[in-house]
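Worksheet: the structure to be examined is printed underneath.
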Amino acid sequence: MLEALKPQPEDQILMLMDQFRADTRADKIDLGVGVYRNSQGVTPVMGAVKSAERQLWESQTTKGYTSLIGDPAFVDAMRDLVIGDAVDPARLAGAASVGGTGAIRLGLDLARLAAPQATVHIPDPSWPNHRAIVAAIGMPMKTFRYFDADENALDMPGMIADLGAVAAGDVVILHGCCHNPTGSDPTPAQWADIVAALSGTGAVVLVDLAYLGLGDGIEADAAATRMLLAGLPEVIVAVSCSKNFGLYRDRAGVVLVSGQSAAQAALVRANLATLNRLSYSFPADHGARLVEMILADAALRAEWTEELSEMRNRINALRRDLAEALRDAAGSDRFAHFGSQRGMFSRLGATPDEVRRLREDHAIYMVGDGRMNIAGLAKEDIPRLARAIAEVCGQ
Ligand code: LMR
C-alpha cells in the first residue's frame, strides 16, 4: 500500500531552514523562517515564560486531561487579550489549538463542516501554508488582489472589488496585522472599507493573527480583528502564541469564533471539541497554561508586555537601519518601505534568480519570493546585507 504514496511538495520556508543549516560558510545570514532573534542572535525564552514555568513546576499537582477545547481559562484569557469587548462574549466560542497553524486548520475544518463547497479566498500573496492547508482539506480556493508589487503598496481598489464579489458562505482569509510576507497592512480607514465591502456578501472571515503585538503594540495590532468582529456576523480568528510569547515549539494557539447567537456559539464549541477529538483529543496544555498564567498575573503580564515591546522596538529599529543602509548602498529610495512596513517580514522585490545569487554568492538566505525575516537579522550584518542587495539587485 505504501508504494502508492507520492512525494509531497516541499514547504519552501522549511526547506530553506535545512539549506541554511547545511551551509558551512561562517558569515551566512538567515532571513528565512519567521523567528525573532535578539542582539545575541538567540531566539530567547522570555523572562515571563521562565518565571511562569518555575511557578508551574512548583504548583502543578496533576497532568490529568484538560478538556477537548483545552483549558477554558486559557481560551478566555486569549479572548480577552485579542477581542476585548468588541463582541458580546455570549456569541463567542473558542478552543485551544496546536499553535497558529493548528488554529487555522481547526478554523478551516469548522468552515468545511458547515459548508464543504465553500470557496476559500486567499490574499495574493499570502503565507504559503494557507494554500497548502486549503488544498489538503479539499476546499476550492481562489486568490484576491492584495498587494501591488510594482508600487510596493496595497492594491486597495483590486482588493475591494474582489472582496465585494465573494459569494455568501465563502471564507475569506485576512491577516489581522503584520501581513506575511509583505509587512503591508491596511490603515484603519482601509480596514473600514474592507469591512464595508464584505458586510453585504455573507462571507465568513478567517483572521490569521500570528504576530499580535509585533507591529505597533497589542491594542493597535488587535484593532482590525476587532473591527471585523464588530462589523460582520460570523468571524473565525486563528491566534498564534508562537511569536509574541516566544513559545514556538510548545505549540500554543487558539481559535476564537463569533457566531450570531449564544446558541450558535454553543454549537460551534461542540464542533470544535469534536474536531480536536478526531485529531488528537486534547490540545497540548503546557504552553497554553503558561500564557494563561502570564495573562492572569499582573506582575508576569507587565514583564511580558515589556519584553514584547522590546522585541517590537528592536524589529522596527532593524527595519529603519536596513532601509537607511540600503538607501546609502543602492543610492535610491527603492527600499524605503522596509522602514514603514510592520512585523517580521518584508519582500525585497527580487527575481528568483537574484534570490538564488544572494544565497549562492553571498550566503544570504531568504524565501524564493524575496521574503526576508527582518526579525532574525543581526545589526552587525546590515552593512554587508545592504551591499550584497545593492550589488545583486542593482539600482
Ligand atoms: C513563517 O512564515 O516563516 C512562520 O510562520 C513559520 C512557519 O511555520 O512557516
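Quick notes on this one:
- Pairs are defined by a Cβ separation below 9 Å, a sequence spacing of at least 6 or placement on different chains, a first member in the range 85-104 that is within 17 Å of Leu278 (Cβ to Cβ), and a second member that is acidic (Asp, Glu) and away from the ligand (no atom under 16 Å from the Cβ); the pairs so defined are Ala96/Asp71; Ala96/Asp285.
- Extreme residue, surrounded by the fewest Cβ atoms within 10 Å (Cβ to Cβ), among residues of the range 165-211 that are β-branched (Val, Ile, Thr) and within 16 Å of the ligand (Cβ to nearest atom): Val207
- Among the residues of the range 18-37, those that are more than 16 Å from Phe345 (Cα to Cα), assigned to a loop (DSSP other than H, G, I, E, B) and either hydroxyl-bearing (Ser, Thr, Tyr) or touching a residue at least 12 places away in the same chain (Cβ under 8 Å) (or both) comprise Asp23, Thr24, Arg25, Asp27, Lys28.
- Selected residue [more than 19 Å from Ala266 (Cα to Cα), away from the ligand (no atom under 16 Å from the Cβ) and either in a loop (DSSP other than H, G, I, E, B) or touching a Phe, Trp or Tyr at 6+ places or on another chain (Cβ under 7 Å) (or both)] from Thr62, Thr66, Thr43: Thr62
- Residue, nearest to Arg342 (Cα to Cα), within the range 118-151, restricted to residues that are touching a Gly at 6+ places or on another chain (Cβ under 7 Å) and either outside the structural domain of Arg105 (by TED's automatic domain parsing) or outside any strand (DSSP E or B) (or both): Ala149
- On inspection, Gln8 does not qualify as within 16 Å of the ligand (Cβ to nearest atom), in a helix (DSSP H, G or I) and not hydrophobic (A, V, I, L, M, F, W, C).
- Residue check for Val239: closer than 12 Å to Ile83 by Cβ and touching a Ser or Thr at 6+ places or on another chain (Cβ under 6 Å): no
- Test result for Ala329, in the same structural domain as Ala210 (by TED's automatic domain parsing), surrounded by fewer than 22 Cβ atoms within 10 Å (Cβ to Cβ) and among the aliphatic types (A, V, I, L, M): no
The values are calculated or read from the model by the stated rules, or taken from the named source; none is laboratory data. All values reported here derive from a predicted model rather than from experimental measurement. Heads up, the Cβs are rebuilt from the backbone with ideal geometry, glycines too, and the neighbour counts pull from every protein chain shown.
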